[in-house]
Amino acid sequence: MPIFALCDVNNFYVSCERLFRPDLEGKPVIVLSNNDGCAVARSAEAKALGIKMSTPRFELDDLIQRHEIVTFSSNYTLYADISQRVMTTLEALSPRIEIYSIDECFADLTGVETNHSLVEWGRVAKATVQKNVGMPICVGIAPTKTLSKLANHAAKKYAKTGGVVDLTDPERQKRLMALVDVCDVWGVGRRISARLQEMGIGTALDLAQANPKHIRKQFSVVLERTVLELNGISTIPLEPVQANKQQILCSRSFGKRITEFDVAAQAVAQFTARAAEKLRAEKQQCKSLTVFIRTSAFARDEPQHHAQMSTRFEHPTDDTTELISGARKLLRRMWKDDRRYAKAGIMLGEFSEDAVSSQLDIFSAVPAQRQKRAELLSALDEINQKQPQLIRFASQGVKREWDMRRDHLSPGYTTSWRDLPRVR
């Protein structure tokens, strides 16, 4: 029987901010979304004050002042680095792991119970991550991924568990599922939950006791698998190697309304350069490029303009200069001078792993030139991995007038030499 452990960092964004600010322990802390728009992470203390997920920042002003809530802008570079450290630590403790998101992963514990207690493994994992990285995690252990999600939910909710729950016992599974609302089951969203409620299925146990074939007929094969998983039948295997993306999207809301083409073009060039880095990291090349630009849907008294255009390259490419040039041309064709733009983005598609196999014409770059270009881009990526944005293309600009508002941004403690913590 397979055994899965779901390891999930508690309040990940908040825990990253507290890592170098121990003075914030026990104090209410929130982390804001892009452009400091709304709350996307809340400490337990902030939740206790009634702050809901996605509450707009401007609605929290009074509460922030009254309770001295510490506010941070999202520091994605810091969060990604801390995440990598957590996953590396967990990878050393398990034969195989599947990184599911920035703050959680599944670990394969099949066979571990023959030599060690599963709860003891969870406690060791929890203590090791805390010691090596300084991040608090909870561990849920079960014979299926869906049940391990429920076990992790219990590990977080019930303090007496010590942050580790072993849900391999069928009777214990039933007791927990009877306490869990069906909307909290992995893969069951609000819309499906509402339909299930109408059918008299209100808890995870109700769903587990439903007829799988009937659920498949009424909903989908995906929800049928969920029913099987709740009954201890594993239908979702571990995927240690993540499949390559079929598309790469990079977009941002601007920190202020943009009315100048060159400023918007710098933003689009930045998005394109970042997407090209991701493309090369996956050893892929693309043949299609899409650019979109939008005004704010909330500014109803202003002229609106939502536009999107695409182009296809004659040969697959991962060359940043070629992609930026194509993106700028598309943006120029869509641009209107009398609009105040709020957001832009690019998307790469139609991937292939080896452009060399494609048919080249007499005007294409010779292999030696292409090889030199590939080596240059590889060197660029290597440098920027060590120090993000150290080397940029001129078209990306310098001032970044379009950049997101991040008035409460914490230092890059682990990714910038100048932001290294100082001990006095």
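Each reported figure results from applying straightforward, stated rules to the coordinates on display, with no laboratory input. Given the structure is predicted, the values throughout are model-derived calculations rather than measurements. Cβ atoms come from the backbone with ideal geometry, glycine included; neighbour counts cover every protein chain shown.
Numbers at a glance
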quantity	calculated
Estimated vicinal HN-Hα couplings, Hz - segment 191-207 in sequence order (Karplus 6.51, -1.76, 1.60; Gly, Pro = x)	5, 5, 4, 4, 5, 5, 4, 5, 8, x, 9, x, 10, 4, 5, 4, 5
Computed P(r) (all Cα pairs; segment 248-396; 10 Å bins; percent)	11, 39, 32, 14, 4, 0
The chain: relative contact order in percent, alpha carbon pairs under 8 Å with at least 6 residues between	16
Most to least packed among 281-293, 153-165 [average Cβ atoms within 10 Å]	281-293, 153-165
Net charge, M177 excluded, C-beta distance under 13 Å - Lys, Arg +1, Asp, Glu -1	-2
Value of Rg to Rh for the chain (Rh from inverse mean 1/r over Cα pairs, i.e. Kirkwood)	1.00
In Hz, Karplus ³J(HN,Hα) per residue of segment 221-229 (6.51, -1.76, 1.60; θ = phi - 60°; x = Gly, Pro)	5, 5, 6, 4, 4, 4, 4, 4, 5
Normalised contact order of segment 16-133, rounded percent, pairs of Cα under 8 Å and 6 or more residues apart	20
Amide H within-cut-off set for R96, under 5 Å, with H built and near neighbours excluded	D108
Folded to 0 to 90 degrees: helix 145-157 orientation relative to the chain principal axis, Cα	80
Residue order, fewest to most surrounding Cβ atoms within 10 angstrom, among W417, W335, W186	W417, W335, W186
Between segment 186-224 and segment 123-144, the Cα center-to-center distance that results, in Å	31
Cα-based shape type of segment 7-165, given that a ≥ b ≥ c are square roots of the gyration tensor eigenvalues and the cut on a/c is 1.5	prolate
DSSP beta bridges in the chain [antiparallel fraction, %, rounded to 5]	85
